[in-house]
Structure formats: structure tokens, C-alpha cells
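All of the numbers you see were taken from the coordinates with simple rules; none came from a lab. Worth saying up front: this structure is predicted, and the values here are computed from it rather than measured. Every residue, glycine among them, receives a Cβ derived from its backbone with ideal geometry; neighbour counts consider all protein chains shown.
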Amino acid sequence: MSRRNPKESGIETLSGVDGAFLNLETAATPMHVGSLHLFETPAGFRGDFFASVRHMMASRMVPVLRRRLAGLPLQVANPVWLQDEIDLDQHIRRVRIPKPGTWAQLEAVVADLHAELLDRSRPLWMLYVLEGLASGDKAYYFKIHHAMLDGQAGVALAGALFDTTPDVVPARKRKAQLVAADTTAAAGKPGTLALAAAAFRHDAAQYVKLVRELPGVVRTLAAIVGNSVKSSAGRARGKAGSEQAVDLGELRRSVSFGPRTAFNVAITPARGFATATVPRDELKAIAAANDATVNDVVLALCSGALRRYLKRSGSIPRKSLIASMPISLREQGNTEMRTQATLSLVSLATNVADPVKRLRAIRDSAGATKAVARSAKSVIPTDIPLIGVPWLLGALASVYGRSRVVDTLPILANVLISNVPGPTVPLYVNGLRMTGYWPLSIVEHGIGLNITLMSYAGKLCLGFVVARCAVPDVRHLADDFLDAFEEMKQVMQKPARAPRKAAAAKPAASRARLRRPPVVAIAK
């Protein structure tokens, strides 16, 4: 994890997880995350949005955005963070959307920006103010390296930057951790010896911690297996198992290898990006009717979208696709700017045609995975020592990108899906209300599709990021998600029979309404 020693002139060490994001990065696999923000403007708006955004960043420059990497010779250990001065001219830029300024053109511009690596000689973030939307609305795209924070830390960062009221105020209270002045940064920069000492002390401490916690890991794993066996025996005798117990059958379905699909290839740098938006209260109603969570419903809709896409482009595999899904290890109230999550595998039941049966199958699969995560949360490491390993990770990443390697390895996961709880209230920049908050994340060799969701002010905003060599037109996939949503609603509502022509027209009409704000729903 990222830690600072006051005696080390503001040096902050990286966690092993965050270091891995740096070491596994290649030109084809940038390891930054991002977000697209849309703001509505009043009639006759003549303000300078670029100036407003620049003022926001200048007046609320939190320490995490000042971090700059300082590497060690020969990559013997992870680099460390040092606090640095920020040249906003290098980090905030204008980008013009091609005429006529449609939403599809905006998505294409963001996709190209998301494909570009961040400059490691500066703090690892960029903000692009996107100008020229035909609707007159304002937008910007922000990206930051995953080594600096995870999804929930990103939400905390947004809370430090944005206003929660349209009233323009000169300043506001922010969490102490995000705004504390960097009192440890000395005038002189630390030397190589100090950097190396900090990195080696960090990794040595992690080795000691792993050894100390090993007995607890063994006891936890034994308890999980024991509870699973008892639960299975209870069901065999006709008794209900513990709610916290793990269904081994469901767990096996989740951790089994997935089928090979068009998504699972060695990828190139070119990216595609598309957005979709759905009302969160409607997802909650579907979840409640099926004794499921909103996340279960989202996974079921992703599964329905993948079924449609694969059927149109070929055929649906007989074996279910597997999703890799982050599970947060962050404690309540923890706003540390570092990654605190682990990956899990969940069966998407794509081999089940009925949408309700598919949802319930996913509910059971995800429930088994979450039960394991809850039981093992206390012993899952959020930091690992990487002394002597960083250079090796970089070499392995380069080798893994070769198509022959990707094509011969088994498929652990077919798609990456992440659901990030976001702000529940509207956010503002200089009085302008944010109407959309779409996340962008990472694709990797072997997994050329990432679907990330951000809840925001009563909506669920989806960002579909793809490697274009795996998904040539990501807009089709986003539309497939919205069609799956309409199908699920119709099945749950059990409407009376309607003429075939009217029933077929409804999803298309709803799709145009849901996938983007009406003010920018311009013909492509």
C-alpha cells in the first residue's frame, strides 16, 4: 500500500498491486482508468467552461494529483511517489469534436484519448475539455493511472473536486486526508539511496506480514471448505444450508475456464468506447422481485447483451462465458488513494436463454463468489512484496501480448465487468449541473472487452471500453445491453399480448431514450 515516512522527505511507497499496474503496462495495454462527464448549460450560456474546469483543478489540487514517479535503477523494486509541482498547461487541454458534433463523434474522440499512454515524467493524470457538441452541452474526459487509485478512491477524489450545489462558493470543507498540505516534502529531492531504502523497507515489511498471517489464511480456507461441505450435506438431507455458506457447485461453475470468443485475443492499442444510461430504481425493482441485488441484475443484462452480440456475429457458445469482477476490500469510511480490491470470477449463464432463469443462475453464482470473498476478506492481501520482480513483470507482459501465447492459454475470463457505487446527489462545476458520469476502464491481452458501471444521482451510467480488434463496433454492444434491459422489464411486467409490430418497435424507441441524454441524441 502507499505509505509515507516523515523522515523520508515525502516519499510514498507503492503497494505491490499498484506497482503491478505500472509494470504490466505496454503500448497496447495502457493501465489508466477514466471518466466522461457531461454538463447541461442554460439557454444563452456564454461562460468559459474551460476556464471553470481549470479553476476547479487549480483551487482543489489534492495531494494525490501531485504524485510523480521516481524509479529505481534496473527496476529492482517498485518506483516510489514524490510530491511535485503541477503545470496545468501540461495536464488540462482543449480538444475539438469534429463537426457536426454528434454523441457518436464524442465517444470516438474519447476512445482515441483513452488509447494514449500517460507521460511518466509527470504526475499520471490528464484532463481534456471536449468542445463542439452540437447540443451546446459541455463535457470533459479525465484519466488517471490505476496505480494511483481504484474506482472507489476515484469517487472520493470526485467528491473533493466537485460542488454538490449549484451555488458558486469560493471554498468548502474537504476531507482532511485529501487536502492535508504536504508538510514532508523537503526543498531538496531525495537521492537514489533514500528511494531504494524506502522501497526495500516496504517490501521487507510485507514479507514479514505475509508470514505472520499465513496461519490465519490456512484457518480461513479450512473454515470455508468445512462450511461448504456442511451446507452441501444439509441440502442433501433436505435442510437449508447456512446463508453464509458457499455452494461448491456454484463456485465450480464460476471458476471453471470460459469458452474462447472473439473478445479473447491479443489486442492492439486502438480503442472503442460507447455509453449507455438506465434508471437505477427500475433495476432495484427487478432485483427485489427476484431476491437478487442490483449487481446481479446488471450482470444478467450484460449476459443478455453478450448473447445478442455473439448470436449476431456467429453463435452463442454452449459453455457459459465467465466475467472477472472486482470485489472491494475497502473498509467503511476508508478513502486512501490506493487500490484496495481483488478479482473474482462469476459465471454469466450465457447458455441460458430465458432472461429470468439467467438472472437467478447468476444470482446464485455471484452469491457463492461473494460468500467466499466475505469469509476470506480479512486474509486477502491488498499489498504484496515485489523486490526484484518489476523488470520480470514487464518482460512477461510483452511476451503475453503475442497472439500465439494468448491463443494457446486457457480462458480464465471472457469479459471484465465492474460496478462502482458513485455519488448519489448531482454534482456541479461553477453552477453547471453534471448530467452524466460514464466510467472508462482497462482491457488486456486475452480480454478485449470491459464494461464498467457507475451509479450517479439515480442513474446507472455504463461505459463500454473495447479493443477495436476484438469488438469493431462497440455501439452495437451498448445497444444490445439496452435491448436486454427492455426485454427484462417486459418479462417482469408480464404485459398483455400486443401486435407483433408494436412489440418490436418498443425496444428501439426506448433505446433511443435511454442510451444518451435527449439533448445530445443526434442522428449519427
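Key figures
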| quantity | calculated |
| --- | --- |
| Rounded, prolate or oblate (a/c below 1.5 giving rounded, otherwise prolate when a/b exceeds b/c) for segment 42-127 by Cα gyration tensor | oblate |
| Derived scalar couplings ³J(HN,Hα) [segment 35-43; Karplus, 6.51 cos²θ - 1.76 cosθ + 1.60; whole Hz; x for Gly, Pro] | 7, 10, 10, 10, 10, 7, 10, x, 4 |
| Estimated inter-spin distance, residue 404 and residue 492, nm [label 7 Å along Cα→Cβ] | 5.0 nm |
| Local electrostatic count at residue 121 - Lys and Arg +1, Asp and Glu -1, tallied over other residues with Cβ under 11 Å | +1 |
| Over segment 282-322, volume per residue of the alpha carbon convex hull, in Å³ | 75 Å³ |
| Distance between modelled label sites at residue 89 and residue 104, nm, 7 Å Cα→Cβ extension | 3.9 nm |
